[in-house]
1. Just one of (1) 1.01; (2) 0.93; (3) 1.48 is Cα Rg over 2.2 N^0.38 Å calculated from these coordinates, so which is it?
2. To the nearest Å, what is the center-to-center distance of region 37-73 and region 3-30, using C-alpha atoms only?
3. Treat each spin label as a single point 7 Å out from the Cα along the C-beta direction, and report the Glu94 to Asn121 distance in nm.
4. So which residue, out of Gln16, Gln47, Gln107, gets the largest mean-square fluctuation from a GNM of the chain using Cα contacts under 10 Å as springs?
5. Residues with beta-carbon under 15 Å from that of Arg48, excluding Arg48: net charge, scoring Lys, Arg +1 and Asp, Glu -1?
6. Collect residues whose amide H, placed 1.01 Å from N in the peptide plane, falls under 5 Å from the amide H of Tyr39; neighbours closer than 5 in sequence don't count.
7. Quick one: helix 116-127 against the long Cα principal axis of the chain, what's the angle to the nearest 10°, folded into 0 to 90?
8. What angle, in degrees between 0 and 90 and rounded to the nearest 10, separates the Cα long axis of helix 3-16 from the longest principal axis of the Cα atoms of the chain?
Amino acid sequence: MTPFEQHFADLSLLVQKHSYEAACTALPSGAHLVEIRGYRLSADWSQREVTITFVAPPGYPSAQPDCFWVSPTGIRLRDGRTPQNTNDANPVPEAGPKGTWFSWHVQSWNPNRDSLITYFNIIKGRLEPAR
């Protein structure tokens with residue numbers, strides 16, 4: 001089992017405990033498109049349930065994930081404002097439009113310690129609290 005396969009299996013088990021669903025698609029470059037479906041957001045967002053998408057790049061885990069998307073497109077804060085560091089026009093590389101792009105970057109990544117769960121927790125930290 002590759003590190004990606006093991007990390008995806010671990011992530012899948014974690015999200016199932018919260019009634020979410022994890023899915024993975026291999027991309028032509030060797031990257032993997034990871035989706036977390038049915039993720040529930042707080043009432044601070046315009047949508048209550050979304051799909052989170054991110055890319056595990058070729059070379060993962062030495063190369064870390066960077067940025068993520070939330071669909072449906074056009075997610076806003078409850079008061080109608082656009083979330084910080086987002087754009088509705090940036091497609092997922094190799095996959096096309098997948099929702100609102102969040103320009104959110106890992107500050108520290110250690111391939112011997114960090115995993116897809118680490119990145120999922122970074123995404124959760126960006127989405128809650130809403131800003």
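1. Answer label, from the structure shown: (1).
2. If you average the Cα positions of each part, the centres end up 12 Å apart.
3. Output for this residue pair reads 2.7 nm.
4. Gln107
5. Values: positive: Arg37, Arg40, Arg76, Arg78; negative: Asp44, Glu49, Glu128.
Residues close to Arg48 contribute a combined charge of +1.
6. Sorted by chain and number, the residues that satisfy this are Val50, Ile52.
7. Compared with the principal axis, the helix lies near 10 degrees.
8. 40
The numbers here are math on the coordinates, done by the rules we state, and not lab data. Keep in mind that this is a model prediction, so the values were computed, not measured. With ideal geometry, Cβ positions are generated from the backbone for all residues, glycine too; neighbour counts draw on all protein chains shown.
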